[in-house]
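Participant: To start, I am sharing the structure in question, which I have written as C-alpha cells.
What follows is calculated from the coordinates using simple rules that are stated; it is not laboratory data. Keep in mind it's a predicted model, so treat the numbers as computed, not measured. Because the Cβ atoms are built from the backbone with ideal geometry, glycine has one as well, and the counts that use them run over all protein chains shown.
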Amino acid sequence: MAKAKDNLKIDGISFQLGMINCFVEMVACGVKKLALSPPLSPEDYKKIEKPSNEIVNGFDIQSYLEKSLLLTDLQSEDFIRGKWSVLYFKDNDVLEAYLQLKRKKKTLEDADQYNKAARKREAGRKFCPFFINWLFAYLNQNRFTFF
C-alpha cells in the first residue's frame, strides 16, 4: 500500500475506507451521482461494512450492496469476479437507473445480442454519466469535444 516519508504503512482496509470517504463526499456534494467502493471480497466487505455505513450516514446519502457488479469496459471480469461493491448515491432514481441497466443487459444476453457494441451503447447512454463528473457528462450530452 501507500508509504509516507517516515515509512508509515497504511493497511488495505484503511486505504479502501479512505477511497470510500472521498467518493461518498463527491456524491454528497453533487459532483457524482453514483460512486462505487473498490471491489471487495465478501470477507473484506464484512470489515468495512460498519465504517462504510457510518460514512454514508455522516454525509446523509444512501448505499446499496452490489454482489454482482455490472461488467463494463472500465474493468476486467477477473477484477470483479467473486467480489462485492457498495454503490453510493443520493437519490433512489440513480439506483433504479443502475438496476434498470442491469435488467437491460440481461434482456440483451437472453436474446444473444449482448456484445461489445451493445455494451458501449447502453453504458454510454445510461451508465457512464454516473461515473464521470458533471463537466464530462455535460460535454458528452452536448457533443462537445476537446479536439
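Participant: What does the C-alpha gyration tensor say about the overall shape of the stretch 1-91? Classify as rounded when a/c is under 1.5, otherwise prolate if a/b is larger than b/c, or oblate.
Facilitator: Numbers: a/c = 1.59, a/b = 1.11, b/c = 1.43.
Judged from the Cα gyration tensor, the stretch 1-91 comes out oblate (a/c at least 1.5, b/c at or above a/b).
Participant: Take S63, S14 and order them by how many other Cβ atoms sit within 10 Å, fewest up front.
Facilitator: Working: S63 21, S14 13.
Ordered by Cβ neighbours within 10 Å, fewest first: S14, S63.
Participant: Which stretch or stretches of the stretch 19-48 have amide N atoms under 20 Å from the point lying 7 Å from S76's Cα along the Cα→Cβ direction?
Facilitator: 38-42
Participant: I would also like to ask the following. Using the count of nearby Cβ atoms within 10 Å as a rough guide to exposure, how do F23, F89 rank from fewest to most?
Facilitator: Details: F23 20, F89 23.
If I rank by nearby Cβ atoms, fewest first, I get F23, F89.
Participant: Further, regarding this structure: Once the piece of chain linking Y64 and N7 is laid out straight, how much longer is it, given 0.36 nm per residue of separation minus the C-alpha distance between them?
Facilitator: On the way: separation 57, 0.36 × 57 = 20.52 nm, distance 3.57 nm.
Here the answer is 17.0 nm.
Participant: Give me a comma-separated list of calculated 3J(HN,Hα) values for the stretch 90-95, in order, Karplus coefficients 6.51, -1.76, 1.60 applied at θ = phi - 60°, integers in Hz, x for any Gly or Pro.
Facilitator: The phi angles translate into 8, 10, 4, 5, 5, 4 Hz.
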